[in-house]
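The values are calculated or read from the model by the stated rules, or taken from the named source; none is laboratory data. Values in this document were obtained by computation on a predicted structure and should not be read as measured data. All Cβ positions, even for glycine, are placed from backbone atoms using ideal geometry, and neighbour counts span all protein chains on display. Surface accessibility is based on the protein's heavy atoms, side chains included, excluding ligands, DNA and RNA. Shrake-Rupley method; radii C 1.70, N 1.55, O 1.52, S 1.80 Å.
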Amino acid sequence: MVIRWLSENKYAAGLMLLLRVYLGWQWLSAGWHKLGGFDASGFLKGAIGNPVIDKATNELVYPTFTAFLEHVALPNAKIINVLIPLGECLVGLGLILGALTTAAAFFGLLMNFMFMFAGTVSTNPWLMLIGILVFAAGANAGKFGCDFFVLPYLRTLIQKIRNRNGTVHLSNKTFPR
């Protein structure tokens, strides 16, 4: 019932406008400050050297993620140094403008989870809570934003591509040509 309200109600769309602009500003400002001079290697080394450990068993809580940081992220820190600020800025812009809002919320949540897996709590739980609400609202979260124009255009474009690829759509049924 709450999901339906979030995804269909115009008042929920207004609430999502406020939440997504706030959340977008958090992402944009975090990314903006990192553009041009960000180096993730210290953070990555710290996350590898001091991973999240279960205090009862003294074992790694996220061994696969720690291995990813050690064997993929750290050796490619120069790429990570570009991807993180760029990703944060793009998520922020997407949320503020209401453009591909659900995708922006998803990638923001993905980054929040990555930071939490690395052992950084900071504001991530708060941003995750808001991000989950925006993501759950789906297209309604961008109703008062660029998605109002972008999503119908994308639906039409996808429909044209499907029709060119040999599929005819009649009412709710799909038939091969």
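Suppose accessible area is computed on protein heavy atoms with a 1.4 Å probe; arrange M1, M128, M114, M16 from highest to lowest.
Values: M1 200, M128 20, M114 70, M16 0 Å².
Per-residue accessible area, sorted high to low, gives M1, M114, M128, M16.
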Rounded accessible area of F135 (nearest 10 Å², 1.4 Å probe): 90
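Against the empirical 2.2 N^0.38 Å scaling, what ratio does the C-alpha Rg of the stretch 1-137 come to?
Numbers: Rg = 16.5 Å, N = 137, 2.2 N^0.38 = 14.3 Å.
After normalising by residue count via 2.2 N^0.38 Å, the value is 1.16.
Taking all protein chains in place and a 1.4 Å probe, what share, in percent, of the accessible surface of the chain do carbon and sulfur account for? The partial results should precede the final answer.
Numbers: 7730 of 11270 Å².
Carbon with sulfur: 69 percent of the solvent-accessible area.
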Taking a probe of 1.4 Å, how large is the accessible area per residue of the stretch 1-140, in Å²? 58
Mind checking the angle between helix 147-164 and the chain's longest principal axis? C-alpha axes, 0 to 90 degrees, to the nearest 10. 70
Pick from G42, G92, G145: which is most flexible by mean-square fluctuation in a GNM of the chain where alpha carbon atoms under 10 Å apart are linked? G42
If you build a Gaussian network model of the chain, linking Cα atoms that sit under 10 Å apart, which residue out of A137, A99, A73 swings the most? A73
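Ranked from the most accessible area to the least, with a 1.4 Å probe and all protein chains present, what is the order of H71, H33? Kindly include the intermediate steps, with their values, before the conclusion.
On the way: H71 125, H33 150 Å².
My answer, sorted largest first, is H33, H71.
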Three principal axis lengths of the stretch 68-152 [C-alpha, angstrom, descending]: 42, 24, 16
Would you please name the trypsin sites (Lys or Arg not before Pro) within the stretch 13-68 that are DSSP coil residues with at most 14 other C-beta atoms within 10 Å of their C-beta? K55
Quick one: among T66, T120, T156, which has the greatest mean-square fluctuation in a GNM of the chain with alpha-carbon springs under 10 angstrom? T156
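How high is the FRET efficiency between L83 and L129 when r is their beta carbon distance and R₀ equals 35 Å, given to the nearest 0.05? Could you put the intermediate results ahead of the total?
Numbers: r = 24 Å, r/R0 = 0.70.
So the FRET efficiency works out to roughly 0.90.
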